[in-house]
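Undergrad: The structure is given below, and queries will be raised subsequently.
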Amino acid sequence: MSVFQSGARALITGGASGIGLAVAEFCVKSGMRVSIIDFNQETLGLAGKNLQGDVQFIHADVSSADDWKRIREEVKDVDFLMLNAGVTGQGTWGDEAYFQKILNTNLFGVIHGLNTYVPSFKSRNEDASPAAIVITGSKQGITNPPGNPAYNASKAAVKTLAEHLSFDLKDKKNVDVHLLVPGWTFTGLSGNTPGSSNPQKPAGAWTPSQVSSYMLDKMKAGAFYIICPDNDVSEAMDRKRILWSAGDVVEGRPPLTRWRAEFEGEVREWMEKK
């Protein structure tokens, strides 16, 4: 039996747009009661106009522990928890605001959400209906490309949290944990600002609904790591990139060799190898 069933309660952060909204739409179609958490008043308003069903919209800052206390008062029980809210930005060493903004939302937004609801998942009766937790990560938290250390660090930490959570809940037969790792997706973070007029999706990007569908299929298959391809990057390419990055540690190479000029030939040969 799936968590996506009539009457179950879903709570989705960053749910007013992008991937979160696409998953919320599926939850509504499944007859679920849906609570959407978002900081953006404009996207909350747009989602409220377009999403019909048993839906609750809550304006909150996921980086605030106090806001999570308020969310818990409004939404007592959750069957499907999706911690999806995230931000990006540009900055560098010495830019305190850059690190604070990204880590507060991307990392502590997840930590606060887990601390708020995981105790209830852990105490869930064995005969209760299925439940699931999905945490949205990023390939940048795995392959760690240069240029955005705060974002990469936040998503690397989220991956670690999700792995520990999966282990800690491994004996809960009716609670599943999944790490969603989207590929290139046409969301607000990549130019698809909600409310803008006819934004043009890049050919290489997936739509949020494609990510949602892929996620749902992998959840049914029981996968923890949901590493999404896109129209430019195949699953095989992702595997090679991930293995090369891990090889920096195993082989004792310098970090981030995939982007170092002196390793360009080796990387190309590795990626072309069948």
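The values are calculated or read from the model by the stated rules, or taken from the named source; none is laboratory data. Worth saying up front: this structure is predicted, and the values here are computed from it rather than measured. Positions of Cβ are generated from backbone atoms using ideal geometry, with glycine treated the same way; all protein chains shown enter the neighbour counts.
Undergrad: Among the residues of segment 182-189, are any among the aliphatic types (A, V, I, L, M) and at pLDDT below 95? Write out each step before concluding.
TA: Filtering segment 182-189 for residues among the aliphatic types (A, V, I, L, M) gives 189.
Next cut, at pLDDT below 95 only: 189.
Yes.
Undergrad: List, please: which pairs have Cβ atoms under 6 Å, are six or more places apart or on different chains, and start with a residue in segment 1-22 that is more than 24 Å from Val118 (Cβ to Cβ) and end with one that is of a type in the set (Ser, Thr, Tyr)?
TA: Cβ pairs passing all conditions: Ser17/Thr43; Gly18/Thr187; Ala22/Ser209; Ala22/Ser212.
Undergrad: Kindly evaluate Asp95 against the criterion of being surrounded by fewer than 20 Cβ atoms within 10 Å (Cβ to Cβ), of a type outside the set (Ser, Thr, Tyr) and touching a residue at least 60 places away in the same chain (Cβ under 8 Å). Steps first, answer last, please.
TA: On the way: surrounded by fewer than 20 Cβ atoms within 10 Å (Cβ to Cβ): yes; of a type outside the set (Ser, Thr, Tyr): yes; touching a residue at least 60 places away in the same chain (Cβ under 8 Å): no.
Judged against the criteria, Asp95 is not a match.
Undergrad: Can you pull out the residues in segment 254-273 that are on the phi < 0 side of the Ramachandran plot, surrounded by 13 or more Cβ atoms within 10 Å (Cβ to Cβ) and assigned to a loop (DSSP other than H, G, I, E, B)?
TA: Within segment 254-273, the subset on the phi < 0 side of the Ramachandran plot is 254-255, 257-273.
Imposing the further condition that a residue be surrounded by 13 or more Cβ atoms within 10 Å (Cβ to Cβ) reduces the set to 257-260, 263, 266-267, 270-271.
Of everything in segment 254-273, just one residue is on the phi < 0 side of the Ramachandran plot, surrounded by 13 or more Cβ atoms within 10 Å (Cβ to Cβ) and assigned to a loop (DSSP other than H, G, I, E, B), namely Arg260.
Undergrad: Within segment 201-235, count every residue that is within 21 Å of Lys159 (Cα to Cα), in a loop (DSSP other than H, G, I, E, B) and of a type outside the set (Gly, Ala, Ser).
TA: Total meeting the criteria: 5.
Undergrad: Is there any pair linking a residue in segment 53-69 that is part of a helix (DSSP H, G or I) to one that is among the charged types (D, E, K, R), with Cβ under 6 Å and at least six apart or on different chains, and which?
TA: The qualifying pairs are Asp67/Asp61.
Undergrad: Quick one: would you say Arg241 is under 21 Å from Gly147 (Cβ atoms), buried (at least 17 other Cβ atoms within 10 Å of the Cβ) and of a type outside the set (Val, Ile, Thr)?
TA: Numbers: under 21 Å from Gly147 (Cβ atoms): yes; buried (at least 17 other Cβ atoms within 10 Å of the Cβ): yes; of a type outside the set (Val, Ile, Thr): yes.
Considered against the rule, which asks whether it is under 21 Å from Gly147 (Cβ atoms), buried (at least 17 other Cβ atoms within 10 Å of the Cβ) and of a type outside the set (Val, Ile, Thr), Arg241 comes out as yes.
Undergrad: Quick check on Ser6: is it assigned to a strand (DSSP E or B) and more than 27 Å from Trp184 (Cβ to Cβ)? Show your work before the answer.
TA: Values: assigned to a strand (DSSP E or B): no; more than 27 Å from Trp184 (Cβ to Cβ): yes.
It is false that Ser6 is assigned to a strand (DSSP E or B) and more than 27 Å from Trp184 (Cβ to Cβ).
Undergrad: Looking only at segment 207-218, decide whether some residue is crowded, with 18+ Cβ neighbours inside 10 Å and acidic (Asp, Glu).
TA: no
Undergrad: Let me ask you something else. Would you confirm whether any residue within segment 236-253 is in contact with a Pro (Cβ under 9 Å, 6 or more places away or on another chain) and either closer than 28 Å to Cys27 by Cα or outside any helix (DSSP H, G or I) (or both)?
TA: No: zero hits.
Undergrad: Looking at Ser129, Ser120 in this structure, which one is out of contact with any helix residue (DSSP H, G or I) (no Cβ under 7 Å at 6 or more places or on another chain), under 20 Å from Phe4 (Cβ atoms), among the hydroxyl-bearing types (Ser, Thr, Tyr) and outside any helix (DSSP H, G or I)? Before the answer, list the steps.
TA: Details: Ser120 fails: outside any helix (DSSP H, G or I).
So the residue among Ser129, Ser120 that is out of contact with any helix residue (DSSP H, G or I) (no Cβ under 7 Å at 6 or more places or on another chain), under 20 Å from Phe4 (Cβ atoms), among the hydroxyl-bearing types (Ser, Thr, Tyr) and outside any helix (DSSP H, G or I) is Ser129.
Undergrad: Right, next: What residue, among those in segment 220-238 that are of a type outside the set (Lys, Arg) and touching a Ser or Thr at 6+ places or on another chain (Cβ under 8 Å), is surrounded by the most Cβ atoms within 10 Å (Cβ to Cβ)?
TA: Our first condition is that a residue be of a type outside the set (Lys, Arg); within segment 220-238, this holds for 221-238.
Pick out the ones that are also touching a Ser or Thr at 6+ places or on another chain (Cβ under 8 Å) and you get 224, 228, 230.
Numbers: Phe224: 14, Cys228: 23, Asp230: 21.
Going through the qualifying residues, I end up with Cys228.
Undergrad: Same structure again: Do we have Ser35 as surrounded by fewer than 20 Cβ atoms within 10 Å (Cβ to Cβ), of a type in the set (Ser, Thr, Tyr) and either in the same structural domain as Trp184 (by the TED database) or within 30 Å of Pro146 (Cβ to Cβ) (or both) here? Before the answer, list the steps.
TA: On the way: surrounded by fewer than 20 Cβ atoms within 10 Å (Cβ to Cβ): no; of a type in the set (Ser, Thr, Tyr): yes; either in the same structural domain as Trp184 (by the TED database) or within 30 Å of Pro146 (Cβ to Cβ) (or both): yes.
Considered against the rule, which asks whether it is surrounded by fewer than 20 Cβ atoms within 10 Å (Cβ to Cβ), of a type in the set (Ser, Thr, Tyr) and either in the same structural domain as Trp184 (by the TED database) or within 30 Å of Pro146 (Cβ to Cβ) (or both), Ser35 comes out as no.
Undergrad: From the list Ala221, Ala205, which one is over 20 Å from Gly141 (Cβ atoms) and in the same structural domain as Asn84 (by the TED database)? Don't jump to the end; show me each part of the working.
TA: Details: Ala205 fails: over 20 Å from Gly141 (Cβ atoms).
Sole residue among the options that is over 20 Å from Gly141 (Cβ atoms) and in the same structural domain as Asn84 (by the TED database): Ala221.
Undergrad: Further, regarding this structure: Working carefully through the options Val211, Val233, Val249, find the one that is modelled with pLDDT of 95 or more and over 28 Å from Ala22 (Cα atoms). Before the answer, list the steps.
TA: Values: Val211 fails: over 28 Å from Ala22 (Cα atoms); Val233 fails: over 28 Å from Ala22 (Cα atoms).
Unique residue meeting the criteria: Val249.
Undergrad: Among Asn115, Asn125, Asn106, which is over 23 Å from Ala157 (Cβ atoms) and of a type outside the set (Asp, Glu)? Talk me through it step by step, then tell me what you get.
TA: Numbers: Asn115 fails: over 23 Å from Ala157 (Cβ atoms); Asn106 fails: over 23 Å from Ala157 (Cβ atoms).
Checking each option against the conditions leaves just Asn125.
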